[in-house]
1. Would you order K121, K80 from fewest to most other beta-carbon atoms within 10 Å of each residue's own beta-carbon?
2. Please give the calculated 222 nm ellipticity per residue for the chain, where each DSSP H segment of at least 4 residues contributes -39500 (n - 2.57) and the sum is spread over every residue; nearest 500 deg cm²/dmol?
3. Pop the C-beta distance of F208 and R97 into the FRET formula with R0 = 30 Å and round what comes out to the nearest 0.05.
4. Once you charge only the Cβ atoms, +1 for Lys and Arg and -1 for Asp and Glu, what is the size of the charge dipole of the chain about its Cα centre, to the nearest 20 debye?
5. Of R97, R14, R200, which is the most mobile in a GNM of the chain whose springs link Cα atoms less than 10 angstrom apart?
6. Where both residues lie in the chain, what percent of DSSP beta bridges are antiparallel, nearest 5?
7. Within the chain, how many Lys pairs sit with Cα atoms under 17 Å apart, leaving out pairs fewer than 8 places apart on the same chain?
8. Give me the tail of P(r) for the range 118-244 as a percent: Cα-Cα pairs with distance above 17 Å.
Amino acid sequence: MHRYHTPLDLVRERSPERPVAFARPDAVALAARWFQDNFKGDVFYAVKANPSPWVLETLAANGVRSFDVASVPEIELVAKHAPGARMAFMHPVKSRRSISTAYFDHGVRTFALDTHEELAKILDATGHAKDLNLMVRLGVAAEGAAYSLSGKFGVDAHEAPDLLLAARRATQELMGVSFHVGSQCMRPTAYQAAMSQASRALVRAGVFADVVDVGGGFPSVYPGMVPPALADYMDSIDRGFAEMMVHETT
């Protein structure tokens, strides 16, 4: 592996004719520390964003010990490059074999779902385990995202209360809500709006949540697209959480 201070240094020295990938561990470490210092909850890294081993190793070395995984190969990557890390299987559609492998072979206890069928599948594939953390993914309407995910995953508002109640009854551990406001979200208030929708679903279900997963969607700077400060997103999330139907923590 060659080391350069900037991409321009590489271009000047080598004049590459094919695409070149740059590894920036210092930037990853900086981001890891920022989120841990400024986000008041547990920081999970979504492996699908960049599953490169050096990214996982850099995150683990800088204190990120929780990972959002979407497949067994991602679980195996985390187990290899961040051994001992906590994992949450947050893809709402999974095969029985994937669920079983995650639970029995890798100690994964947290699973997302957005249908009654997926809930039944998780329970069946884990032998009706009593130590599951079940996260109900909600479909939320959130404006300001460059790429909306509201129509891809998530139970709709009318069906959410029944599924939340079923998930609460199915586990003796944690039950939570999950949502995703969309990729490259340019409006910090979208998170607060999504949390308000989640809270209304909890009220209709008559249950409290133990966990609120605010998903991803935090924006990066692109040409012609300069997002608000990340601190504004943290403030919006804090305001939204303060108003939610959640169990108090100590």
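1. Ordered by Cβ neighbours within 10 Å, fewest first: K80, K121.
2. Only helices count here, giving -11500 deg cm²/dmol.
3. Efficiency, rounded to the nearest 0.05: 0.35.
4. Using Cβ point charges on Lys, Arg, Asp and Glu, the chain gives about 400 debye.
5. R14
6. Within the chain, antiparallel bridges account for around 10 percent of the total.
7. Going through the chain pair by pair, I get 6.
8. Here the long-distance tail beyond 17 Å is 58 percent of all Cα pairs in the range 118-244.
No lab work stands behind these numbers, since they all come straight from the coordinates. Only a predicted model underlies this, so the values are computations on that prediction, with no experimental measurement involved. FYI the Cβ positions are ideal-geometry reconstructions off the backbone, even for glycines, and counts take in every protein chain you see.
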